[in-house]
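> One structure is given below, represented as structure tokens, and several questions about it will come after.
No value in this document is a laboratory result; all are computed from the given coordinates. As the structure is a computational prediction, the values presented were derived from the model and not from experiment. Glycine gets a Cβ as well: all are built from the backbone with ideal geometry, and neighbour counts include every protein chain shown.
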There are 2 protein chains.
Amino acid sequence: MSFRDPASAEAAFYAAFGALDVEMMRGVWMDSPEVSCIHPGGGLLQGTAEVLRSWTEVFRDSQPPRITHRLLQSSSDQKLVVHTVEEMVNSGSGQRDVTILATNIYVHVDDGWRMLAHHASLPLVERRQPPLH
Amino acid sequence: MSFRDPASAEAAFYAAFGALDVEMMRGVWMDSPEVSCIHPGGGLLQGTAEVLRSWTEVFRDSQPPRITHRLLQSSSDQKLVVHTVEEMVNSGSGQRDVTILATNIYVHVDDGWRMLAHHASLPLVERRQPPLH
């Protein structure tokens, strides 16, 4: 099962994350060695199996977080769509929201849209400070 | 002036970075409000003017770094190309190499290829540790 548009795939991605549901997450991703995922502060994970193993680790022993996401930028081609997204993640029990920036890339496969890549990072420095690079 | 392919635009991007050359960097990017840049630990910068201001800040008072880059993954469509790149940056004077992961996105404009987006982050955790998300 694929998704009728990238926004639907994105909604399912964040729903799977919020529900800590690995099988739902598996349904979001393309099944391919070309898939890649970079978690905040993480290295490059490549291939669907490795990416899903990482989500299994993230979800293990976690409480379902509250997650909202906001699309900040979108660029589309015929078979590739790039979304820049702000994620607000709250792990519950009095925690503060953590803001994460993600570049999400969707690909059109035979029957619809799937996630091809997810690159997430934590904005740590103030906007007006010079960044490391 | 644009570039004949995304690899040439990418080579010019890292050459501009290595030379701390803002005008060369300007020539790499598409001139558009759709342009975006996330430096390691940084927030979202949008639009060519804001992105180039940030590079001006990065380059100010810096010593030209030694930078090598390695393409880890590439996905292509007609007008969008996504590169996952490992950057090795050495700021000189006995510093160690810093490894940065970047998602670089190139767009085909009228006469060639330009950079549309750059999302960079520092891999801080060991590969086998469960990531934050």
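> For A:SER2 and B:ALA7, what is the calculated FRET efficiency with R₀ set at 35 Å and r taken between the beta-carbons, to the nearest 0.05?
According to the calculation, E is roughly 0.70.
> OK, next. How do B:LEU80, B:LEU71 line up, fewest other C-beta atoms within 10 Å first?
Neighbour counts put them in this order, fewest first: B:LEU71, B:LEU80.
> May I pose another question? What are the distances, in nm and sorted shortest first, from the label point of B:SER76 to the label points of the same position in each other copy, with each label point placed 7 Å from Cα along the Cα-to-Cβ direction?
Label-point distances to the other copies, shortest first: 2.4 nm.
> Over chain B, what relative contact order in percent results from Cα pairs under 8 Å that are six or more residues apart?
26 percent.
> Follow-up question, since we're still on this one. Assuming R0 = 45 Å, can you tell me the calculated FRET efficiency for the pair A:LEU71 and B:GLU86, based on Cβ-Cβ distance, to the nearest 0.05?
Given R0 = 45 Å and the Cβ-Cβ separation, E is 0.95.
> Once the dipole of chain B is set up with Lys and Arg at +1 and Asp and Glu at -1 on Cβ about the Cα centre, which of B:SER91, B:HIS108, B:HIS118 lies farthest towards its positive end?
Farthest towards the positive end: B:SER91.
> Just for chain A, what percent of DSSP beta bridges are antiparallel, to the closest 5?
Around 90 percent of the beta bridges assigned by DSSP in chain A are antiparallel ones.
> Let me know the charge dipole size of the protein assembly as shown about its Cα centre in debye, to the nearest 20, where only the beta-carbon of Lys, Arg (+1) and Asp, Glu (-1) is charged.
In debye, rounded to 20, the protein assembly as shown gives about 500.
> Return P(r) of chain B (all Cα-Cα pairs; 5 Å bins starting at 0; whole %; ordered from short to long distances).
2, 10, 19, 25, 21, 12, 7, 3, 1
> Quick one: label points 7 angstrom along Cα→Cβ at B:SER93, distances to the other copies in nm, smallest first?
Taking the point 7 Å beyond Cα along Cα→Cβ, the inter-copy spacings are 4.6 nm.
> Distances in nm, one decimal, shortest first, from B:ASP31 to the same residue in every other copy, taking the label point 7 angstrom along Cα→Cβ.
Output for B:ASP31: 4.8 nm, nearest copy listed first.
> So what's Rg/Rh here for the protein assembly as shown, counting alpha carbon atoms and using the Kirkwood radius for Rh?
Taking Rh as the inverse mean 1/r over Cα pairs, Rg/Rh reads 0.96.
> For chain B, with only Lys/Arg (+1) and Asp/Glu (-1) charged at the beta-carbon, what is the dipole magnitude about the Cα centre, in debye rounded to 20?
380 debye
> Mind telling me which of A:GLY94, A:GLY18, A:GLY42 comes out most flexible in a GNM of chain A, alpha-carbon contacts under 10 Å?
A:GLY94
> Given only helices, namely DSSP H runs of n ≥ 4 each adding -39500 (n - 2.57), what is the per-residue ellipticity at 222 nm of chain A, to the nearest 500 deg cm²/dmol?
-7500 deg cm²/dmol
> Let me ask something else. Tell me the net charge near A:SER2. Cut-off is 12 Å between Cβ atoms, A:SER2 excluded, with +1 for each Lys or Arg and -1 for each Asp or Glu.
Local net charge: -2.
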